[in-house]
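Undergrad: Can you keep this structure in mind? I'll have questions shortly.
The values are calculated or read from the model by the stated rules, or taken from the named source; none is laboratory data. Everything quoted here is computed from the prediction, not taken from an experiment. Positions of Cβ are backbone-derived with ideal geometry, glycine not excepted, and every protein chain shown enters the neighbour counts. Areas reflect the complete protein model, heavy atoms only, side chains present, ligands, DNA and RNA absent. Shrake-Rupley method; radii C 1.70, N 1.55, O 1.52, S 1.80 Å.
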Amino acid sequence: MVDNPENGENPDRRFMQAALDEARAARDCGEVPIGAVIVLNGEIIGRGHNRRETGGDPTAHAEMLAIREAATAIGHWRLLETTLYVTLEPCVMCMGAIILARIPRLVFACRDPRAGASGSIYDFSRDERFNHRVVVQEGVLGEECSELLSGFFKELRTGKKPRKPL
């Protein structure tokens, strides 16, 4: 089914909802609740949620996993004509991967004032020294994603959510 703005359907909200579902899956397995999906021609071709703790891998961010899955799905590392939806502004590593994968559009829900690389601390999306630019839209389902993150960290601070052993 193709989204039709005339019917009131909003593809950005729909795909960000899918990223939010991924974030909830991360939360449910004790990970920081961040989720991502990559869309090509109205279809999700890559999904990911944080797996740093469960996988013992510092690069297992939601965006990185979604990028890997999308590249496998299309059989190529260039993810041209795709959109990446992520619940939190990407970090430096993830923005680097977005640029290297040639993803032309990024939609994120809420800013990351501590590590964001798409406007908060750095803005790699507009840096003219790179050979690829990324069009960025922020704020789609921002309140819901922010509440999910805030609730997760509140549970950690109050001891309601057990920490994974190191």
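Undergrad: Given the criteria open to solvent by less than 10 Å² (accessible area, probe 1.4 Å), under 20 Å from residue 27 (Cα atoms) and not in a helix (DSSP H, G or I), does residue 86 qualify? So that I can check it myself, show each step before the final result.
TA: Values: open to solvent by less than 10 Å² (accessible area, probe 1.4 Å): yes; under 20 Å from residue 27 (Cα atoms): yes; not in a helix (DSSP H, G or I): yes.
Considered against the rule, which asks whether it is open to solvent by less than 10 Å² (accessible area, probe 1.4 Å), under 20 Å from residue 27 (Cα atoms) and not in a helix (DSSP H, G or I), residue 86 comes out as yes.
Undergrad: Hey, among the residues in segment 97-110 that are open to solvent by less than 40 Å² (accessible area, probe 1.4 Å) and outside any loop (DSSP other than H, G, I, E, B), which one's farthest from residue 45 (Cα to Cα)?
TA: 110
Undergrad: Report, by residue number, each residue of segment 111-134 that is open to solvent by less than 20 Å² (accessible area, probe 1.4 Å) and either of a type in the set (S, T, N, Q) or closer than 20 Å to residue 60 by Cα (or both).
TA: 116, 117, 118, 125
Undergrad: Would you point out the residue of segment 9-58, among those that are part of a loop (DSSP other than H, G, I, E, B) and small (Gly, Ala, Ser), that is most open to solvent (accessible area, probe 1.4 Å)?
TA: Only one residue tops the list, namely 56.
Undergrad: Also, I was wondering about something else. In segment 51-95, what count of residues is obtained for those that are of a type in the set (Phe, Trp, Tyr) and either more than 13 Å from the chain's Cα centre (by Cα) or modelled with pLDDT under 95 (or both)?
TA: 1
Undergrad: Is it the case, given these coordinates, that residue 63 is of a type in the set (Asp, Glu), within 27 Å of residue 127 (Cβ to Cβ) and touching a Pro at 6+ places or on another chain (Cβ under 7 Å)?
TA: Spelling it out, residue 63 is indeed of a type in the set (Asp, Glu), within 27 Å of residue 127 (Cβ to Cβ) and touching a Pro at 6+ places or on another chain (Cβ under 7 Å).
Undergrad: Starting from residues that are assigned to a helix (DSSP H, G or I) and in contact with a Lys or Arg (Cβ under 9 Å, 6 or more places away or on another chain), keep the ones in segment 115-140 and report whichever is farthest from residue 34 (Cα to Cα).
TA: That would be 126.
Undergrad: Which residues, counting only those in segment 59-77, are surrounded by 13 or more Cβ atoms within 10 Å (Cβ to Cβ) and free of Cβ contacts under 8 Å to residues at least 24 places away in the same chain?
TA: 60, 68
Undergrad: Please pick out the residue among 148, 156 that is outside any loop (DSSP other than H, G, I, E, B), out of contact with any Asp or Glu (no Cβ under 8 Å at 6 or more places or on another chain) and at pLDDT 90 or above.
TA: 148
Undergrad: Would you check which residues across segment 141-159 are touching a Lys or Arg at 6+ places or on another chain (Cβ under 6 Å) and open to solvent by less than 50 Å² (accessible area, probe 1.4 Å) and list them?
TA: Within segment 141-159, 152 is the sole residue that qualifies.
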